[in-house]
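Step one of this worksheet: look at the structure below.
The values are calculated or read from the model by the stated rules, or taken from the named source; none is laboratory data. No experiment lies behind these values; they were computed from the predicted model shown. As a convention, Cβ positions derive from the backbone with ideal geometry for all residues, glycine included, and neighbour counts pool all protein chains shown. Protein only, heavy atoms only, side chains kept; ligands, DNA and RNA dropped before computing areas. Shrake-Rupley method; radii C 1.70, N 1.55, O 1.52, S 1.80 Å.
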Amino acid sequence: MSGDTSFLDQVNRSFDLAAALTDHPPHLLAKIRACDSVYRMAFPIRRDDGTVEVVHAWRAEHSHHRLPTKGGIRYATVVNEDEVVALAALMTYKCALMDVPFGGAKGGVRIDRKKYSEGELERITRRYAYELYRKNFLGPALDVPAPDFGTGAKEMAWIADTYIQLSTGDLNGLGCVTGKPVAQGGIRGRAEATGRGVYFGVREACAVAEDLKPLGLPEGLAGKRVVVQGLGNVGYHAANFLAGGGAVIVGLAESEGAIHAPDGLDLAAVVAHRRATGRITGFPGATDLAHTTLALELDCDILVPAALENQITAANAPRVKAKIVAEGANGPTTAEADAILRQRGVMVIPDIYLNAGGVTVSYFEWVKNLDHLRFGRMEKRFEEGAYRRLLQAVEGATGKRFTAAEMATATQGADEEALVGSGLEETMVQAWHEVRTTRNKHRDRADFRLAAMVNALDKIVHSYEDLGIFP
Ligand code: GLU
């Protein structure tokens, strides 16, 4: 929380600002804004030492305008109902904005996962999945969780297995959760999807010269100085793809500390150093910052908060030096901080757009599970044959001979990984240009966050239009 404003109040504040730019009926807007259902649970778990502990957990389904609902599960000590509902609301807007056909949901289990053995985590996860199942909060047609802060593929595999044991005969059981290991019905490219989406979004934003000019920045990603907060699944992959795209990583922050190197950091070497020493600090050639949050104030072009919510606040927003804040996390900028950044002319690429790569590829995984077929399996060799015949026809007509290497590259058919990458890129690029169009339409009143929210609202309203219940 920031000051006395809850996270949910902040999400609702940006909803209200966006709603005021539309002329949708107030009662329909009120329906969209409200959270449809919240399940709060407490269940006992046996620790390895034989003692019993009570675990508190939640699942919020913010909007059933499309089913299933979709959103991650987070394991953290700070989890509470307000946070889970706020994050579920963000999922509703994110899915709508990206044309991912789900309602929004989010789950949270209030634990410090570092304090539990693997066996204990498995018992907690399976019991949580059981609780969700028995209240109809889990299922491929109902509510489909995914990883979030503090969870990953292993937890998703436990959830899928629990669901399949309980739902005898559900042919689509694997589609009850996404972000699974590839061998358990997962999809190639899901783990890095959010970070890769952050890269596509930043690249797209930086490709528009007229948007970068007011920031005093040249177009393009090459040479842009980037600071990333959080080296988890989102931050690590975002940093890696941004560096691959020509950006220079000048600062990195984790919970234990932060480092700065104006000439650039070698991400792989930093990760190896952290694995060896347990800390990001003390990296040869870099300066340690006195406090991890000071990374948010480093001199850079692009700041990527990719950890938790409420990191850029009214207190530090006036000192943020980045020209672009690229929100990899959900809700990293408080509403007050957002207003300060806007007034200071900082471009904010909003969370509901920028971190949507994860749920976009989750959608592909769910479709794969319902299809019972790996993307590319039917067409890869057919495409390769067609391309080869085409090149052979060119050879016949021109007398030119392609080398074996040229032939191999040009005839490559698309496999699952390539198709997931292509679908993700298309989704991120398309949605950014839709956001820009709306922002340009309301130029005097809307920034990119409000424009993204307006697009999300328009798309949700559109999904209700034919029902005739909201005249
Ligand atoms: N937890 C991720 C998010 O906040 C992914 C959700 C999903 O894939 O369902 O967007």
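Brief remarks follow.
- Count of segment 8-36 residues which are of a type in the set (S, T, N, Q) and surrounded by fewer than 17 Cβ atoms within 10 Å (Cβ to Cβ): 1
- Yes/no for Gly216 being open to solvent by 60 Å² or more (accessible area, probe 1.4 Å), among the small types (Gly, Ala, Ser) and more than 16 Å from the ligand (Cβ to nearest atom): yes
- Scanning segment 429-446 for residues that are among the acidic types (Asp, Glu) and at pLDDT 95 or above gives a single hit, Glu434.
- All of (1) touching a strand residue (DSSP E or B) at 6+ places or on another chain (Cβ under 7 Å); (2) under 25 Å from Ala89 (Cβ atoms) hold for Cys300 with one exception: (2).
- Any hit, segment 376-396, residues being surrounded by 16 or more Cβ atoms within 10 Å (Cβ to Cβ) and under 26 Å from Gly201 (Cα atoms): yes
- Pairs, first among the acidic types (Asp, Glu) in segment 34-45, second part of a strand (DSSP E or B) and crowded, with 17+ Cβ neighbours inside 10 Å, C-beta under 6 Å, six or more apart: Asp36/Glu61
- Residue within segment 261-272 that is within 24 Å of the chain's Cα centre (by Cα) and touching a residue at least 40 places away in the same chain (Cβ under 8 Å) present: yes
- Among (1) under 30 Å from Leu87 (Cα atoms); (2) surrounded by fewer than 16 Cβ atoms within 10 Å (Cβ to Cβ); (3) of a type outside the set (D, E, K, R); (4) away from the ligand (no atom under 16 Å from the Cβ), the one test that Leu419 misses: (2)
- All strands (runs of 3 or more DSSP E) inside segment 37-118 with 3 or more residues being open to solvent by 10 Å² or more (accessible area, probe 1.4 Å): 37-46, 52-61
- Any hit, segment 230-239, residues being open to solvent by 10 Å² or more (accessible area, probe 1.4 Å) and farther than 30 Å from Ala160 by Cβ: no
- Listed by first and then second residue, the pairs linking a residue in segment 401-429 that is acidic (Asp, Glu) to a residue that is part of a loop (DSSP other than H, G, I, E, B) and surrounded by 13 or more Cβ atoms within 10 Å (Cβ to Cβ), with Cβ atoms under 7 Å apart and 6 or more places separating them unless they lie on different chains, are Asp415/Gly376; Glu416/Ile187; Glu416/Arg188; Glu416/Arg374; Glu416/Phe375; Glu416/Gly376; Glu417/Arg188; Glu417/Gly189.
- Scope segment 119-142; condition touching a Phe, Trp or Tyr at 6+ places or on another chain (Cβ under 8 Å), open to solvent by 10 Å² or more (accessible area, probe 1.4 Å) and aromatic (Phe, Trp, Tyr); matching residues: Tyr133, Phe137
- Options Asp143, Asp161; residue that is acidic (Asp, Glu) and within 13 Å of the ligand (Cβ to nearest atom): Asp143
- Odd one out for Val228 among (1) within 16 Å of the ligand (Cβ to nearest atom); (2) part of a strand (DSSP E or B): (1)
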